[in-house]
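Everything below concerns the one structure shown next.
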Amino acid sequence: MKRHTISPRPDWQKKVENIGFGFHTLDTTYWDESVFYELSMKEVDTLEKATDDLWKICLDAVQHVMDENLYSKFQIPDWFIPHIEDSWNNDAPAIYGRFDFSFKNGIPKLLEFNADTPTSLFESSVVQWFWLQDLFPGKDQFNSIHEKLIEYWKYLREYLYDDTLFFTCIKDNLEDLTTTEYMRDCAIQAGLETKFIFIDEIGWDATNPVFLDMENKMIKNIFKLYPWEWLINEGFGTNLTRDRNKAFWVEPSWKMILSNKAILPVLWELNSGHPNLLESYFESDNFKLGINYAKKPLLSREGQNISLVSYGSTIAETQGEYGEEGFIYQELCTLPEFDKNYPLVGSWIVGQESAGIGIRESDTLITDNMSRFVPHLIS
């Protein structure tokens, strides 16, 4: 990878807003086109292979967790296990995920897998593609996300009920709304009938019992940008196991296993020495990593409550609201440095295939909600 600085398009704000990207500037610039990364075709092939390989072993790991009844390691309550196993055994529809890599010395190392509610999708798929067409129309990009999403929605319609596909997220979050509406647009282009509803507008008919929209229409298919662990920790979430329709939730509840950082020690146990994995253990086993490790909560988001320790000293640390559920310890693997900028490569899986990347760049070793999204191209 090479990092380049460049003059942004003079009217870049208007250009990105015209394609529906309204959160380009938050407290600071989020979409940063004063920078781009250049990847070789060999590097792209390496990232693609790592993504496909990791997806395969992740599926094996889900089966292992079920076979060995490891749910307590993931802090998943007993009452919800049947829902998870039903979604797995019945091939409940799933569409996407994002592997986050530290990509140094030509080797991608998995830091975590965002398997349930990954964001930065619209930026990775559409926004950076339009940037490329404006500035480097003769170049290519590791990015077939949009096309693969549409094609996979076409494929999934055979697995869904012959009914409306609802899309939901929380209110007052433009990033989540944009991501959800983008995914909905892909489903519409795939020929599905869709409808949007905010998560707190979903109703419940206790006498039937089924989920309902605001017009009392039954909800049988629904894409949610809302974490499973939030759903099941709310009183409303217990309705999931009573739903007479057995609605399809996308992503399905078996993705709870992969979106939890407890999957990292499981992956290592099953695939010790895998070139794209980092040595990882549960809290009680952290001594195996000695004085160099990353300490991560099972369920943290936006880089919260992470500590990086090198030779016994903390070199980076974030605060937040996570950690009560426990921690895992992972072999220390810092992000590559480019003039005190640290890029994280998010590699997308759509359906069963690698689909492209998005890059988040930080001023610190931990990628958080202040990190910038920067585009890329292939040399």
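The values are calculated or read from the model by the stated rules, or taken from the named source; none is laboratory data. These figures come from a predicted structure and were not determined experimentally. Here the Cβ positions follow ideal geometry from the backbone for every residue, glycine too, while neighbour counts run over all protein chains shown.
Being assigned to a loop (DSSP other than H, G, I, E, B), at pLDDT below 95 and either charged (D, E, K, R) or closer than 21 Å to L47 by Cα (or both) is the requirement here; does E337 meet it? Against the criterion (assigned to a loop (DSSP other than H, G, I, E, B), at pLDDT below 95 and either charged (D, E, K, R) or closer than 21 Å to L47 by Cα (or both)), E337 does not qualify. Flag: K148 does not match the condition of being assigned to a loop (DSSP other than H, G, I, E, B) and farther than 20 Å from L240 by Cβ.
Of the numbered criteria (1) under 20 Å from F21 (Cα atoms); (2) touching a residue at least 24 places away in the same chain (Cβ under 8 Å); (3) of a type in the set (D, E), the one D185 fails is (2). Quick check: is even one residue across the range 115-127 of a type in the set (D, E, K, R) and not in a strand (DSSP E or B)? Checking the range 115-127: at least one residue is of a type in the set (D, E, K, R) and not in a strand (DSSP E or B). Each residue in the range 12-39 was checked for being assigned to a helix (DSSP H, G or I) and surrounded by fewer than 19 Cβ atoms within 10 Å (Cβ to Cβ), and 6 of them qualify.
Within the range 348-377, the set of residues being aliphatic (A, V, I, L, M) and either over 14 Å from the mean Cα position of the chain (by Cα) or closer than 22 Å to Q133 by Cβ (or both) comprises V350, A355, I357, I359, L365, I366, M370, V374, L377. Considered as a group, the residues in the range 230-254 that are in contact with a helix residue (DSSP H, G or I) (Cβ under 7 Å, 6 or more places away or on another chain) and of a type outside the set (A, V, I, L, M) include one that is nearest to A61 (Cα to Cα), and that residue is W254.
Residues checked against (1) touching a strand residue (DSSP E or B) at 6+ places or on another chain (Cβ under 7 Å); (2) in the same structural domain as W12 (by TED's automatic domain parsing):
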{"site": "V266", "(1), (2)": "no, no"}
{"site": "L270", "(1), (2)": "no, no"}
{"site": "I306", "(1), (2)": "yes, no"}
{"site": "Y311", "(1), (2)": "no, no"}
{"site": "E321", "(1), (2)": "no, no"}
{"site": "E325", "(1), (2)": "yes, no"}
{"site": "Q352", "(1), (2)": "no, yes"}
{"site": "G356", "(1), (2)": "yes, yes"}
{"site": "I366", "(1), (2)": "yes, yes"}
